[in-house]
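First the structure, in the form of structure tokens, and then the observations on it.
The values are calculated or read from the model by the stated rules, or taken from the named source; none is laboratory data. Quick caveat, the model's predicted, so the values are computed rather than measured. Glycine also receives a Cβ, built like all others from the backbone with ideal geometry; neighbour counts cover every protein chain displayed.
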Amino acid sequence: MMMDGSSNQAQGKVEPPQVDESWWAAVLEEEEKHTNDVPFRNDDDVDSKISQPGDPEDWAWAHKLYQNDDIVELTILGHNRGGLLVEARSLRGFVPVSHLLEIEPDASEEQRSIHLENLVDCVLKLKVIEFDPDRGRLVFSQRAAQAGPGKRVELLTNLKAGDCVKGRVTNITRFGVFVDLGGVEGLIHVSELSWGRVKHPSDVVKCGQELEVQILSVDRDQDRVALSLKELLPDPWRDLAIRYAIGQVVEGIITNVVKFGAFVGIEDGLEGLIHVSELGDGNFMHPRNVVHEGEAVRVRIIHIDGDERRLGLSLRSVPHNEGADEEKTESEAFPAT
């Protein structure tokens, strides 16, 4: 974990994602970085930088399909591990594996390859889900076509921030999770998956899983829907001062160790900081000389600020004898100087 991110977590402060254009730009930038690393988009999808000038009239035809959310029947020309190549007049489009109906999310590489091979020369009913002639990008979806013509437009018109909706996970990336809402895909940014620390979105959800999510924002011009899973889960920082008290000894697990201290997970999504000065007496070169990740510890709470999402902990002030008085008052734990 980067130090800056750890610093925020150290104070227990979890900033919500920015759902304005700058946030989406950052998401797309991250996607592009990953695309450049491998020949397929987000492991499941196809190359997002295809050079294909195509006939201007055919791009206009594809644009109309996209705008009207119409269904079109196209022939499959070929495949790679990311999806299917389709013939769209003079253009070439792609159908990502995650947007095909009959491939199970947990299918093996061999099973997926056989299924894709069997679809070559077949005709599928599809919808355009991404249209970007500047990058030669034309992406189709068989799954979206199940919703019927105009469903995407209808959903984007009716969806609004704060709504709770159900959807199906279609793709998992390093930066978040795509969820099919029944004709339009929304994105759960990794920071909106859980109140706790998420190493990778696949640790939280699985492809094909049905989810209930909350809508954070809807950008009808860009066809973008920002979603949250954690907003429907209990906030562990709520009523913190009621559930815990200064001077109380609690048990937790060391989740991260940095040069200024160590993080301790007390509950799912609730982490406190043991500052280096509260790790113990004496001189030590680094907090890792005192604690390590995964270690179970008993710590005393020395600071609570639920509004600012800060929980200060001390290892130094916890008695080694587990039978010692753990009901020490705040004045006894921190006598006036």
Checklist line | Among residues of the stretch 128-166, those that are surrounded by 15 or more Cβ atoms within 10 Å (Cβ to Cβ) and in a strand (DSSP E or B), counted | finding: 10
Next item on the list: Scan the stretch 263-318 for residues that are outside any strand (DSSP E or B) and among the β-branched types (Val, Ile, Thr) and report the count.
Entry: 4
Item checked: Identity of the residue in the stretch 173-183, closer than 16 Å to residue 212 by Cα and not small (Gly, Ala, Ser), that ends up surrounded by the fewest Cβ atoms within 10 Å (Cβ to Cβ) -> 180
Item checked: Qualifying residue in the stretch 217-227 (condition: more than 30 Å from residue 159 (Cβ to Cβ) and at pLDDT 95 or above) -> no
Next item on the list: Please enumerate the residues belonging to the stretch 122-164 that are of a type in the set (D, E, K, R) and in contact with a helix residue (DSSP H, G or I) (Cβ under 6 Å, 6 or more places away or on another chain).
Entry: 125, 127, 143
Margin query: So, in the stretch 86-127, exactly how many residues are over 28 Å from the mean Cα position of the chain (by Cα), surrounded by 18 or more Cβ atoms within 10 Å (Cβ to Cβ) and under 27 Å from residue 153 (Cβ atoms)?
Written below: 4
Note to self: Can you report the number of residues in the stretch 274-306 which are modelled with pLDDT under 95 and in contact with an Asp or Glu (Cβ under 9 Å, 6 or more places away or on another chain)?
What the structure shows: 1
Item checked: Neighbours by Cβ (under 6 Å, 6+ apart or cross-chain): first from the stretch 296-320, assigned by TED's automatic domain parsing to the domain that holds residue 251; second surrounded by fewer than 15 Cβ atoms within 10 Å (Cβ to Cβ) and part of a loop (DSSP other than H, G, I, E, B) -> 309/13
